[in-house]
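Trainee: Got a structure for you, written out below as structure tokens; questions coming shortly.
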Amino acid sequence: MRVFAVIGQSKTGKTRLIKQLLVELKKRGHSVAVVKHCAKGFDLDPEGKDSWQSVEAGADGVAVVSQDRLAVFKKKSAGKGFSEIAAEFFKKHDFVFIEGGRGEKALKKIEVLRKGIAEKVECFPEELVAVVSDVKVAVDKPVFNHDQINEISNFIESSVQHEESRVYLEIDGKPVHLNAFVKKNTENIVLGMVKSLDRVPENPECLTLSIIRKEKNNEKI
């Protein structure tokens, strides 16, 4: 999973850019997800409907399911960033685009500029990976025009050419950083165990293991 925050002022074309990149990368066989930052909040289910009432009643999670769609409402933990959200829900995807997220330092950012709206790069240099603009800008990062979707897609693809195996660990819902040694050993141990099981592919692409520990409280007499 590679996460890119697409940042910029309103009306610069962030949504359009993400949509075009999504279509192009999907054509190339990649799985793509999008996380949109809604600073003013959002409501996917009108007030008074069953799922809305479940949320208001205090449910920690509610799923709305139709024949071809699934929406999940979950309470967001305080302080949880976009990187953590992407890792929690989209870890199996090749790319995740976040529309917004300017304030999260851990994110690699593509800044979008538009003549007459925003013509100056505001992103910190250490966080900026590319600029999409219809005006000239002086930065030491790649600069693309809004219509260079093929070239931007090539640039994004190049970020995973030398990608190693992805191993994630969460404890009680909180991501835990793993160094390269632990990642490699965890992969080898789990893969070694499951290969002894029946009907397991010789070289599986993705392994997901969850361990949910529930200990009964000791009853005091």
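Trainee: For Lys109, work out the one condition from (1) out of contact with any Cys (no Cβ under 7 Å at 6 or more places or on another chain); (2) buried (at least 18 other Cβ atoms within 10 Å of the Cβ) it doesn't fulfil.
Mentor: Of (1) out of contact with any Cys (no Cβ under 7 Å at 6 or more places or on another chain); (2) buried (at least 18 other Cβ atoms within 10 Å of the Cβ), only one is false for Lys109: (1).
Trainee: Now, a different point. Could you please give the count of residues in region 177-216 that are β-branched (Val, Ile, Thr) and farther than 21 Å from Glu88 by Cα? Explain how you work it out, then say what you get.
Mentor: Step one: list which residues in region 177-216 are β-branched (Val, Ile, Thr), which gives 182, 186, 189-190, 194, 200, 208, 211-212.
With farther than 21 Å from Glu88 by Cα added as a condition, the list becomes 189, 194, 200.
Qualifying residue count for the region: 3.
Trainee: Tell me whether region 167-184 contains one or more residues that are surrounded by 10 or more Cβ atoms within 10 Å (Cβ to Cβ) and modelled with pLDDT of 90 or more.
Mentor: Scanning region 167-184 turns up no residue that is surrounded by 10 or more Cβ atoms within 10 Å (Cβ to Cβ) and modelled with pLDDT of 90 or more.
Trainee: Let me confirm something: among Val112, Val121, Val132, which residue is among the β-branched types (Val, Ile, Thr), over 21 Å from the mean Cα position of the chain (by Cα) and either closer than 23 Å to Glu24 by Cβ or not assigned by TED's automatic domain parsing to the domain that holds Lys184 (or both)? I'd like the intermediate steps shown before the answer.
Mentor: Working: Val112 fails: over 21 Å from the mean Cα position of the chain (by Cα); Val132 fails: over 21 Å from the mean Cα position of the chain (by Cα).
Sole residue among the options that is among the β-branched types (Val, Ile, Thr), over 21 Å from the mean Cα position of the chain (by Cα) and either closer than 23 Å to Glu24 by Cβ or not assigned by TED's automatic domain parsing to the domain that holds Lys184 (or both): Val121.
Trainee: Regarding region 105-125, can at least one residue be identified that is among the acidic types (Asp, Glu) and either modelled with pLDDT under 85 or assigned to a strand (DSSP E or B) (or both)? Before you say what the answer is, go through the steps one by one.
Mentor: First pass over region 105-125, keeping only residues among the acidic types (Asp, Glu): 111, 119, 122.
Among the residues that remain, those that are also either modelled with pLDDT under 85 or assigned to a strand (DSSP E or B) (or both) are: 111.
Yes, some residue in region 105-125 is among the acidic types (Asp, Glu) and either modelled with pLDDT under 85 or assigned to a strand (DSSP E or B) (or both).
The values are calculated or read from the model by the stated rules, or taken from the named source; none is laboratory data. As the structure is a prediction and not an experimental result, all values here were calculated from the model. Heads up, the Cβs are rebuilt from the backbone with ideal geometry, glycines too, and the neighbour counts pull from every protein chain shown.
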